[in-house]
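Undergrad: Quick one: the structure is below, questions incoming.
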Amino acid sequence: QVQLVESGGGLVQPGGSLKLACATSGFSLDYYPVAWFRRAPGKEREGISCISNVRTYYTNSVRGRFTISRDDAKNLVYLQITNMKPEDTAVYYCATESVRNYCSESGPREIEFEYWGQGTQVTVSS
């Protein structure tokens, strides 16, 4: 069965860095996309990045600071976050979908992602 587990969250200062990991099982990273979403306090869950064999995607608010990558042999997907800002404070989720086998050029939409991890808390504060 499909499972995803996020890790790597924590408390960091503005300008700091974190590397989140998503441990996956039950599907092939070589074929199905994995996306990162986040839910900030009082806001809707937002798709911020996606990786597949044909495309990577970053939403405008994170482009240049966030880097998505994967290790197919270890079934891991990473999200490297640099120059962190207070507005990055959120619960970060990884997810995979069964609707398509590539990341949409318009970014991941929550409704299209079927399987989700429980999330990892990221807090950016002095």
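Undergrad: Find how much the distance from Ser106 to Ser28 grows on full extension, using 0.36 nm per residue of separation minus their present alpha carbon separation; answer in nm with one decimal.
TA: Difference between extended and current length: 25.8 nm.
Undergrad: Hey, what's the Cα Rg ratio for the range 33-126 versus the globular rule of thumb, 2.2 N^0.38 Å?
TA: For the range 33-126, the normalised Cα radius of gyration is 1.03.
Undergrad: So, one more: Quote to one decimal, in nm, the extra length available between Glu44 and Leu76 on full extension: 0.36 nm per residue of separation minus the C-alpha distance between them.
TA: Stretched fully, the Glu44-Leu76 segment lengthens by 8.9 nm.
Undergrad: If you don't mind, there's one more thing I want to ask. Please work out the C-alpha center-to-center distance from the range 29-58 to the range 82-126 and express it in whole Å.
TA: Cα centres, the range 29-58 to the range 82-126: 5 Å.
Undergrad: Turning to a different aspect of this structure: May I ask you to list the GluC sites (Glu not before Pro) in the range 50-126 that are in a DSSP loop and have at most 10 other Cβ atoms within 10 Å of their Cβ?
TA: Answer in residue order: Glu105.
Undergrad: Leaving out ligands, DNA and RNA, and with a 1.4 Å probe, what % of the accessible surface on the chain is carbon or sulfur?
TA: Using a 1.4 Å probe with all protein chains present, the chain comes out at 45 percent carbon and sulfur.
Undergrad: Would you list, by chain and number, the lysines whose Cα falls below 21 Å from the Cα of Lys43, excluding same-chain residues fewer than 8 positions away?
TA: Lys85
Undergrad: How high is the FRET efficiency between Asn53 and Glu87 when r is their beta carbon distance and R₀ equals 25 Å, given to the nearest 0.05?
TA: 0.20
Undergrad: Here is a further query. Per residue, how much accessible surface does the range 53-126 expose to a 1.4 Å probe? Answer in Å², no decimals.
TA: Ligands and nucleic acids excluded, the figure is 53 Å² per residue.
Undergrad: Under 17 Å between alpha carbons, and skipping anything fewer than 8 positions from Lys74 in its own chain: which lysines qualify?
TA: The reachable lysines, counting only those whose Cα sits under 17 Å from Lys74, are Lys19.
Undergrad: Kindly provide the GluC sites (Glu not before Pro) of the range 1-68 that DSSP labels as loop, not H, G, I, E or B, and whose Cβ sees at most 14 other Cβ atoms within 10 Å.
TA: Glu44
The values are calculated or read from the model by the stated rules, or taken from the named source; none is laboratory data. These figures come from a predicted structure and were not determined experimentally. Cβ sites come from the backbone with ideal geometry, for glycine too, and all protein chains shown count toward neighbours. Side chains are part of the model used for accessible areas, which takes the heavy atoms of the whole protein and leaves out ligands, DNA and RNA. Shrake-Rupley method; radii C 1.70, N 1.55, O 1.52, S 1.80 Å.
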